[in-house]
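Presented below is the structure to which this report refers.
Bear in mind these aren't lab numbers, they're just calculated from the coordinates by the rules spelled out. From a predicted model like this one, the values you see are computed outputs, not experimental measurements. Cβ placement follows ideal geometry from the backbone for every residue including glycine, while neighbour counts extend to all protein chains displayed.
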Amino acid sequence: MSITYLEAIREAQAKLLRDDERVFIYGQDVGGTFGGAFKATKGLAKEFPGRVLNTPISEDAIVGTAIGAALQGMRPIVEMQFADFSSLALNQILNNAGTHYWRTNVPVPITVRLPSGGTKGSGPFHSQSMESIYAHYPGLIVMTPATVEDAYTMLIEAVAIDDPVIYCEHKYLYYHLKADKLPEKGLPTGRARIAREGRDLTVVSYSAMMQESLAAAEELAREGFEIEVVDLRTVKPLDTDIVFASVARTGRLLCVGEAFPWGGVTAEVIARVTSAGFHLLDAAPQRLNAKDTPIPYHPNLWSAHRPNAKNIAAKARALLRE
Amino acid sequence: MLQTAQRTLKSKRKKLAAPHERFLEAFHWMLLARTLEEKLVSLYRGGMITGGVYIGKGQEAVSVACGLFLQKGDIFAPLIRDQAGRSAFGEPLLDVTRTYLGSRLGPMRGRDGNIHRGHPRKNELAMISHLGAMISVTVGALMAKRFRGEKDFIGLSCIGEGGMQSGSFHEGMNIAAVEQVPLVVVATNNHYAYSTPNDREFACHDLVDRAIGYGFEGYSLDGTDLGACLDVIGGAVKRARAGRPPQLIVASVLRLSGHGEHDDASYVPEEIKRKPFARDCLKVAEQTIIDLNLADADTLAQWRKDAAAQVDEAIATAQKEPAPEGDREEWCAISTRELADSFE
Ligand SMILES: Cc1ncc(C[n+]2csc(CCOP(=O)(O)OP(=O)(O)O)c2C)c(N)n1
């Protein structure tokens, strides 16, 4: 048997609905016989009547409603149809959910699922990676699972957490990633993972870029380089310890992210390593992100816009020569 | 609460829409709110309050009716000018003075101020500044109650005519109707959003007409008339409780203060102050009390004194309390402490 990243997300939600009567799913087209734009909730409305609810195209109100329900003891899971549309819910997520515990001492246990990242032909408005925006604001936990196993266990964990969780699931990984079976338990939330061991250079990455980084490491292995790949798993909190430990071993750091280049997760990792671990570095740390333009539609442009195994390997090679 | 209220009527010139006890109870909260806010204004002028002071002068009648009919288990989402409603709902005066004066012991502990306060665990939602955002939050709270099988609950969410023009408000109203939750939305048109008059806020004939478009039942209200406020808002609460569609009330008043106390409202022309909706609801209610002989002048004076005493006590208490301190604060924005991003 094999299970995809997307199926893992569906299975996690089925389990959550089964095990916890406080859980309900709220989003556009998630209900009925349709089961979501990507089918992440397929069949769930039938299996759990009244708990998988279609909503109007009202991202602000969808999240606002989830916040209100969470304050009254529910554990809502919001599905944004695409991460890109969560821009319309920024106010509720950042200013309402994100400030609530700090202001009132009452946490807001909502999970917002963001189908994130680029796929061929999706263009500027169905491809975005928004994790850095959410991580920038206080009060939120931001998950970016890169494997089928993490997609499953981290979503279950997200709903268990009393604070708002932004769960960035990558659309490119939906069908591309497969696992044999789903685990009972994953690593604790907030813990990064060494996805591949190596001693020459550390690549820190997450979500789909973690998979690209692994492919780059494979390519470089054929050239005799041992690349260590760190999978951040959650970008907030950021597991700085694992990153430091890895850089201490390799002395070289490359951070790879699919989001736009100004600021963001890769910049944050590098800022932390240079400010507190400058002595660990043998060369100036580097970062690779998407380009500073909207995300292009055409596959030729799109594949040149975002980092991929090839240009990650090229960047790593250059850094290895430093 | 109103020991001195006289039940016997000497004059029947005017028919009250609400029972007298309720009218007097409402008046009591209005008076308390007015007294408190006047005191807050003088503290502000004396430099004793950091940040803004936003008062509900002229809107107490609408506001009090919003709080008065709510029962245990109901959800209340007050906004900027709802001191009277908050008090009627059960918010202690100390919550207000502690928040305005920055006491560490207040509900917001110095982390937020003035009107941005609430007690979510006691069903008084803590507004964020962003207008319109609290409508859908109220909807969600009501859905949760329905999910759990609770019975006999409603929610009441307040808004100004300015906030009514936000996308968030429209989305919230629509989703409320889609979810058919027992919600009352009370919109107070005080004719200004900060300095912007109605004609630059909206172009529809009457805001209440929107009710039908949202799938609400809509009612207009003279917000200067306490009896009418109790009648109309009380009626809406009753209908929501009885399972009618969501209810929209649009009340008309004039904001009898600046937007905040930093604002002299010099942009409000004199002629609008002579309109019927510019009447001071507290004075109107007081006149009704006198006309109907519900209380005499001495009793009213005594009530004012009582209110002032309560307010003074709440202020004195909060003033004696410790302020928060930056180096003793717990700088953690999430409840799951072990997941805090603690790199410095
Ligand atoms: C979304 C949003 N934009 C701007 C503001 C700044 N602001 C605060 S109150 C206010 C006027 C609000 O007018 P109205 O809703 O009619 O309420 P009123 O102050 O008249 O009671 C404005 C513009 C805000 N709080 N929220």
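Please list, in order along segment B:115-128, the HN-Hα scalar couplings obtained from phi with the Karplus expression 6.51 cos²θ - 1.76 cosθ + 1.60 (θ = phi - 60°), rounded to whole Hz, x for Gly and Pro.
Values, residue by residue: 7, 7, 9, x, 9, x, 5, 9, 6, 9, 5, 9, 4, 9 Hz.
Around B:S220, which amide H atoms from residues at least 5 apart in sequence, or from another chain, sit under 5 Å from its own amide H, with H modelled in the peptide plane?
B:V250
Taking the 0 to 90 degree range and rounding to the nearest ten, how far is the long axis of helix A:5-19 tilted relative to the main principal axis of chain A, both from C-alpha atoms?
Tilt of helix A:5-19: around 40 degrees.
What is the angle, in °, between the Cα long axis of helix A:59-71 and the longest principal axis of the Cα atoms in chain A? Nearest 10 is fine, range 0 to 90.
70 degrees
Can you tell me which of B:G56, B:G73, B:G46 moves the most in a GNM of chain B? Springs connect C-alpha atoms under 10 Å apart.
B:G46
Using Stokes-Einstein with the Kirkwood hydrodynamic radius over Cα pairs, what translational diffusion coefficient do you get for segment A:62-103 at 20 °C and a viscosity of 1.002 mPa s, in µm²/s rounded to a whole number?
The diffusion coefficient I find is 200 µm²/s.
According to the square roots a ≥ b ≥ c of the eigenvalues of the Cα gyration tensor, what is the shape class of segment A:117-274, taking rounded for a/c under 1.5, prolate for a/b larger than b/c otherwise, and oblate for the remainder?
Since a/c stays below 1.5, the shape of segment A:117-274 is classed as rounded.
What are the residues whose amide H is under 5 Å from the amide H of A:S116, where those residues sit 5 or more places off or on another chain and H is modelled from the backbone?
A:A83, A:E169, A:H170, A:K171
Projected area of the protein assembly as shown, taken from the Cα convex hull and averaged over every viewing direction, in nm²?
Averaged projected hull area, Cα only: 32.4 nm².
Once amide H atoms are built 1.01 Å from N in the peptide plane, which residues 5 or more positions from A:F24, or in another chain, come under 5 Å H to H?
Under 5 Å from the amide H of A:F24: A:R75, A:I77.
Using the beta-carbon distance between A:S87 and A:K181 and R0 = 35 Å, what value does 1/(1 + (r/R0)^6) give for FRET efficiency, to the nearest 0.05?
Efficiency, rounded to the nearest 0.05: 0.45.
Once the dipole of segment B:81-191 is set up with Lys and Arg at +1 and Asp and Glu at -1 on Cβ about the Cα centre, which of B:A84, B:L183, B:G106 lies farthest towards its positive end?
Comparing the listed Cα positions along the dipole, B:G106 ranks first.
Return A:V269, A:V165, B:V208 ranked ascending by Cβ neighbour count within 10 Å, so the fewest neighbours appear first.
B:V208, A:V269, A:V165
With θ set to phi - 60° and the Karplus curve 6.51 cos²θ - 1.76 cosθ + 1.60, what are the ³J(HN,Hα) couplings of segment B:332-344 in order, to the nearest whole Hz, using x for Gly and Pro?
9, 8, 10, 7, 7, 3, 5, 9, 5, 8, 9, 5, 10
In whole angstrom, note down how far apart the Cα centers of segment B:86-119 and segment B:121-185 are.
Centre-to-centre distance over Cα atoms comes out at 21 Å.
Taking the alpha-carbon centroid of each part, what is the distance from segment B:277-344 to segment A:304-322 in angstrom?
Centre-to-centre distance over Cα atoms comes out at 61 Å.
Just in segment B:272-340: which GluC sites (Glu not before Pro) are loop by DSSP and have at most 12 other Cβ atoms within 10 Å?
B:E325, B:E329, B:E330
May I ask which residue of A:A271, A:L214, A:T293 lies farthest towards the positive end of the charge dipole of segment A:193-321, with charges of +1 (Lys, Arg) and -1 (Asp, Glu) on Cβ and the Cα centre as origin?
Comparing the listed Cα positions along the dipole, A:T293 ranks first.
Evaluate Rg over Rh across segment A:221-264, taking Cα atoms for both radii and Kirkwood's formula for Rh.
Here Rg/Rh amounts to 1.00.
Ignoring solvent entirely, what values of log10 I(q)/I(0) come out of the Debye formula for chain A at 0.14, 0.15 Å⁻¹ when each Cα is a single scatterer?
-1.05, -1.19
Kirkwood Rh over Cα pairs of segment A:3-179 into Stokes-Einstein at 10 °C, 1.306 mPa s: D in µm²/s?
The calculation lands on 101 µm²/s.
Among A:E219, A:E21, A:E149, which one shows the biggest mean-square fluctuation in a GNM of chain A, springs joining Cα atoms closer than 10 Å?
A:E21
On the first, second and third principal axes, largest extent first, how far apart are the outermost C-alpha atoms of segment B:156-297 in Å?
Largest first, segment B:156-297 extends 48, 38, 26 Å along its Cα principal axes.
Fewest Cβ neighbours within 10 Å first, please rank A:T274, B:T288 accordingly.
A:T274, B:T288
How much of the pair distance distribution for segment B:100-186 lies past 16 Å, counting alpha-carbon pairs only, in percent?
Taking all Cα-Cα pairs of segment B:100-186, the fraction more than 16 Å apart is 56 percent.
Most exposed first by the Cβ proxy, i.e. fewest other Cβ within 10 Å, how do A:S213, A:S246 rank?
Least crowded to most crowded, the residues run A:S246, A:S213.
Once segment B:21-323 is represented by equal point scatterers at the alpha-carbon sites, with solvent omitted, what log10 I(q)/I(0) does the Debye formula produce at q = 0.07, 0.12, 0.13, 0.15 Å⁻¹?
-0.25, -0.76, -0.90, -1.20
Report, in whole Å, the centroid distance computed from the Cα atoms of segment B:60-74 and segment A:1-61.
With segment B:60-74 and segment A:1-61 each reduced to a Cα centre, they are spaced 37 Å.
What percentages make up the Cα-Cα pair-distance distribution of segment A:181-247 when the bins are 10 Å wide from 0?
The distribution over segment A:181-247 is 22, 49, 25, 4, given as percents.
Could you run the Karplus curve 6.51 cos²θ - 1.76 cosθ + 1.60 with θ = phi - 60° over segment B:198-210 and give me ³J(HN,Hα) per residue in whole Hz, x for Gly and Pro?
Once θ is set to phi - 60°, the couplings for segment B:198-210 become 3, 5, 9, 9, 7, 10, 6, 5, 8, 4, 5, 4, 5 Hz.
With a sphere of radius 13 Å drawn around the Cβ of A:L301, what net charge do the other residues whose Cβ falls strictly inside it have (Lys, Arg +1; Asp, Glu -1)?
Net charge around A:L301: +3.
Once Rh is set to the Kirkwood radius over Cα pairs, what Stokes-Einstein translational diffusion coefficient, in µm²/s, holds for segment A:193-321 at a temperature of 25 °C and a viscosity of 0.890 mPa s?
171 µm²/s
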